[in-house]
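Take a look at the structure set out below.
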Number of protein chains: 2
Amino acid sequence: MAENDESEIIEHHDDEEMEKRRTQRNHFHSFLESVSSSETNGHSSTQSSHRLLAYSDALISIIATVMILPVAHTKFQDNEELKQSIQALLTTKVAVYLMTFLIVTVAWAAHIRLFQVIVRIDDNLALLNLACMMLITFLPYTFSLMATFPNYILGILLFCACVMVIGLIQCLIVLYGFSRPFLLNDQIQMSENQAYYKQHILKVIMKVPIMCLFASIFSVIFFQLSYVILAIVIFLPYISGCLKWIWNKAIGGQVEDSPDSVLFYTYQLSEPLSKERVEAFSDGVYAIVATLLILDICEDNVPDPSVVKREFNNSLVTALQQYGPEYLAYFGSFATVGLLWFVHHSLFLHVIKANRLMGLFNTFSLAFVGGLPLAYQLTHEFPRGSRNELEAVQISCVIIFFAGLFQLAMWVVALFTERETLHPYVRYGGREHTFMLAKLSLYPCVALGTFFLTCILSRFSAPIFHMMEIGVPFAFLLLRLLVRVALALLRWLFCSARNDLDNVPVVEEDSQLPIVDVVT
Amino acid sequence: MAENDESEIIEHHDDEEMEKRRTQRNHFHSFLESVSSSETNGHSSTQSSHRLLAYSDALISIIATVMILPVAHTKFQDNEELKQSIQALLTTKVAVYLMTFLIVTVAWAAHIRLFQVIVRIDDNLALLNLACMMLITFLPYTFSLMATFPNYILGILLFCACVMVIGLIQCLIVLYGFSRPFLLNDQIQMSENQAYYKQHILKVIMKVPIMCLFASIFSVIFFQLSYVILAIVIFLPYISGCLKWIWNKAIGGQVEDSPDSVLFYTYQLSEPLSKERVEAFSDGVYAIVATLLILDICEDNVPDPSVVKREFNNSLVTALQQYGPEYLAYFGSFATVGLLWFVHHSLFLHVIKANRLMGLFNTFSLAFVGGLPLAYQLTHEFPRGSRNELEAVQISCVIIFFAGLFQLAMWVVALFTERETLHPYVRYGGREHTFMLAKLSLYPCVALGTFFLTCILSRFSAPIFHMMEIGVPFAFLLLRLLVRVALALLRWLFCSARNDLDNVPVVEEDSQLPIVDVVT
């Protein structure tokens, strides 16, 4: 409940007091009065938006990861070389998955922005938001229509229609919010130029639907152009933001902006992103991905009793043995996803404030995480020692590597503005700095090591991969010990070096570099 | 981060100060020192458990709803009567779904209890919890093995093995927690008889694994008995709790308990249940259920380009028209689930504290919600006007009715102890009381009305159902207005009655009953 709750309760008691005095203990009358008096008071049903946002995050994270299912359910023929099927797969399904993931996260980012402006809700806003969610969850389908039938305009028209309606609903939400200012962010509520904010926000929101309107009109005339328009609409702000940020980092200049619009609806990469919502969204994706394989197992891997009787001589254990690789794949992918979640969780425990660039890297990391179950299933599907198996193992390693690398990238981005974004413990020289670095770099290093090891010892790729799977959880358990040993070793080396070269401070500066500079 | 954070930061600065003084701006040395000093300090990596619990809730809610997928994917033959296929379906798949849902929620309730005792975590606990989650997510599979092969002991052995390992991990977590008391609940941390608590909690936790050990031993000798043991282990505490509660309500006596064990690990139905976790779990279930149909649509309802060319004369729109009912089912079930979530959200906004009986009714409500997409898909699958269609519509109505009814039941339970559990607004005579009652009873009433209407006008069952689907969202939008009109009408009736019978207070008492007594 919002903070104006308490005053309302007091007010409500006042109402009752007066009522009581007037009607002299006429309970029924005062009951009716007190209920209907809530109508005259606009604030009556104001609510905290926390749970609405958590539910929206859950919905969006499910939708973002849905499109991996068609990829995962693609069956490979054993006699076919993996490379060919991978090629066919990459061109359509993986592309659809990645594009859907990006588009849905763009919609999610817009949703975050909207509810950073409107921080309290009431029943009407909750219902409007549900309508908005319904259309967002429909986006992946329109997109997969577009990808399967690139020459038909139906997909693009449906997509544009959805985006336009979503835009209109968001405008409605903004207009509703500004008509009841107590729903707004405190900063805007206090501000004198609310009208300016309103116009600015509406302008930013309406940009996308209007471009989509043009795209849908063009699609009738010359549909290739409408794809270009859509790509521009959706990704240009991010690309231009990225370029601007790199430019500014290279030149060292500061971005100038009108002071009023700095915080909301800018396309700056340093625009704050609600940390809670990034966490909730990531939790949703990790949870879905971790359970993707058990969904399949529960549905497909319970043999038919008649089959067991006929083919396996009534022995259930023998019948289930054929599914052995799938159980392995499930436990392997659950553990890997769980540990990646653990790393993410450790990182965000020490993040005070997230920004949009971190959000972007988080999205990339999650997009790779989504591919993990598929990779694990592949790994266990091919006959031992085959070329296919080696390639499947290597694909798994590459996916794990990138998922971990983008997590590391988030930390590096956070370190650039560590005073605002990080807890003192994990800043340069903080007591947990090295430990965090070790945690974040464990998976990329292990994945890279496994990859090169399988290149050299290609015949033992599967055993190496299994060793990695089993070893990594223990590595995490012992990580603190390992880091302590490594640091003790370094300190011992350093101290003996210092005893020798006590008056040469330059060496100290150099020896500091290998640890601290790795992350920059 | 936990509340002892601030003191740690100060401590950390002290460390640094001393370090600086000693080594005189030797940065590298102080960096190494500050990192390794965290090793000597046991509290260093203490974390808030909030996100771990949110992730666990997401995982468990997904797993709880998974087993509806095999039910939903059952295909009905058109020429077969629905009643027969329903019978075959009910006996296995629906039973598996419901039992899995209950078992998983039992595991979830145990998880809540555990983390009401251990309120702070560190890395080791997070990893132990992930291991525990991995086994919980495997439970539905063992259970569906048990249901499909009731005469084989493999399913029951696997299930018992999982439960025993989960129990052992929970014991490990408790032992670890009590060895580091700063991780514990403040109340236990302050308490003088920590040893008693530890023993009590371990005793309660170990009860289930030990019974499972017996069950697995008996399964080798006489496996029917082990099913009985399992049923007793899992459901007896709930049933006996229910009976005890009803007994106490009927007799009016108070439950006597040792004062120490009142709050944790009792089997009282009034034992508090973390409200946040009930919300998080419910959000997860609602979100999965709302998107279940779009998962299928994205995977199955994109026609093959070659088929469109061959069979539909290159017209994509015609090709997609055959899927029309499935889109309708998706939007219909999304809207219904969304609105049921909305009612749940409104209720829990006004709940201050949840207890176990409310949690039980919530579970029942969610179990019915999980069946909704299936019911909706059925409704749109059969030819218009057929007997099957009528029955499918009626099944949908029954499911909606019970999902809504158990939500209402939660409120009724909360009203019994309204001083502890409810916000003043929605208590008897509160200003939102009538409105909340209207919100909660809208779906049961509408579902009941639709059911009886379809009984009478059986030929128009589908149109009536569609009208209901379209009408309900608007009813929610206008509900406040409707309630106001109804109350004004009542008040007008009442006032004119009072003017006539100004000196007969008994009538007032009577006229109060119809509104307030409905909920008791």
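The values are calculated or read from the model by the stated rules, or taken from the named source; none is laboratory data. In this text, all values refer to a predicted model and were calculated from it rather than measured experimentally. Neighbour counts run over all protein chains shown; Cβ positions are idealised from the backbone, glycine included.
Exactly one residue out of B:318, B:291 is surrounded by 24 or more Cβ atoms within 10 Å (Cβ to Cβ) and within 11 Å of chain A (Cβ to nearest Cβ), and it is B:291. Confirm whether residue A:420 is of a type in the set (Asp, Glu) and within 13 Å of another protein chain (Cβ to nearest Cβ). No: the conditions fail for residue A:420.
Mind checking which residues of segment A:95-121 are outside any helix (DSSP H, G or I) and either more than 14 Å from chain B (Cβ to nearest Cβ) or surrounded by fewer than 19 Cβ atoms within 10 Å (Cβ to Cβ) (or both)?
Listed by number, the residues that qualify are A:118, A:119.
Entry remark, segment B:143-158: residues being more than 7 Å from chain A (Cβ to nearest Cβ) and surrounded by fewer than 22 Cβ atoms within 10 Å (Cβ to Cβ) number 7 in total. Only one of the numbered conditions (1) aromatic (Phe, Trp, Tyr); (2) within 8 Å of chain A (Cβ to nearest Cβ); (3) within 21 Å of residue A:127 (Cβ to Cβ) is not met by residue B:494, and that is (3). If you filter segment A:215-250 down to residues that are of a type in the set (Val, Ile, Thr) and under 21 Å from residue A:355 (Cα atoms), you find that the one that is modelled with the lowest pLDDT is A:234. Close Cβ contacts (under 6 Å, 6 or more residues apart or on different chains) running from residues in segment B:276-303 that are outside any helix (DSSP H, G or I) to residues that are surrounded by fewer than 24 Cβ atoms within 10 Å (Cβ to Cβ) and among the hydroxyl-bearing types (Ser, Thr, Tyr) comprise B:301/B:323; B:302/A:148.
The single condition among (1) surrounded by fewer than 21 Cβ atoms within 10 Å (Cβ to Cβ); (2) within 14 Å of chain B (Cβ to nearest Cβ) that residue A:343 does not satisfy is (1). Just one of the listed residues (B:362, B:313) is crowded, with 21+ Cβ neighbours inside 10 Å, more than 8 Å from chain A (Cβ to nearest Cβ) and either out of contact with any Lys or Arg (no Cβ under 6 Å at 6 or more places or on another chain) or of a type in the set (D, E, K, R) (or both), and it is B:362. With the structure loaded, tell me whether residue B:382 is of a type in the set (Phe, Trp, Tyr), within 23 Å of residue B:455 (Cα to Cα) and buried (at least 18 other Cβ atoms within 10 Å of the Cβ) or whether it fails that test. So residue B:382 fits the description; yes. With respect to the conditions (1) touching a strand residue (DSSP E or B) at 6+ places or on another chain (Cβ under 7 Å); (2) more than 21 Å from residue A:59 (Cα to Cα); (3) surrounded by fewer than 23 Cβ atoms within 10 Å (Cβ to Cβ), residue A:183 lacks only one, and its number is (3). The C-beta contact set for segment B:131-142 (first residue crowded, with 23+ Cβ neighbours inside 10 Å, second residue among the aliphatic types (A, V, I, L, M) and not in a helix (DSSP H, G or I), distance under 8 angstrom, 6+ apart or interchain) comprises B:140/B:67; B:141/A:302.
For residue A:440, the conditions (1) in contact with a helix residue (DSSP H, G or I) (Cβ under 6 Å, 6 or more places away or on another chain); (2) at the interface with another protein chain (Cβ under 10 Å from one of its Cβ atoms) are fulfilled apart from (2).
The sole residue among B:340, B:415 that is at pLDDT 85 or above and closer than 21 Å to residue A:55 by Cα is B:340. I'm trying to understand the selection: among the residues of segment A:321-334, which are at the interface with chain B (Cβ under 9 Å from one of its Cβ atoms) and buried (at least 20 other Cβ atoms within 10 Å of the Cβ)? Once the filter is applied, which keeps residues that are at the interface with chain B (Cβ under 9 Å from one of its Cβ atoms) and buried (at least 20 other Cβ atoms within 10 Å of the Cβ), segment A:321-334 yields A:330, A:334.
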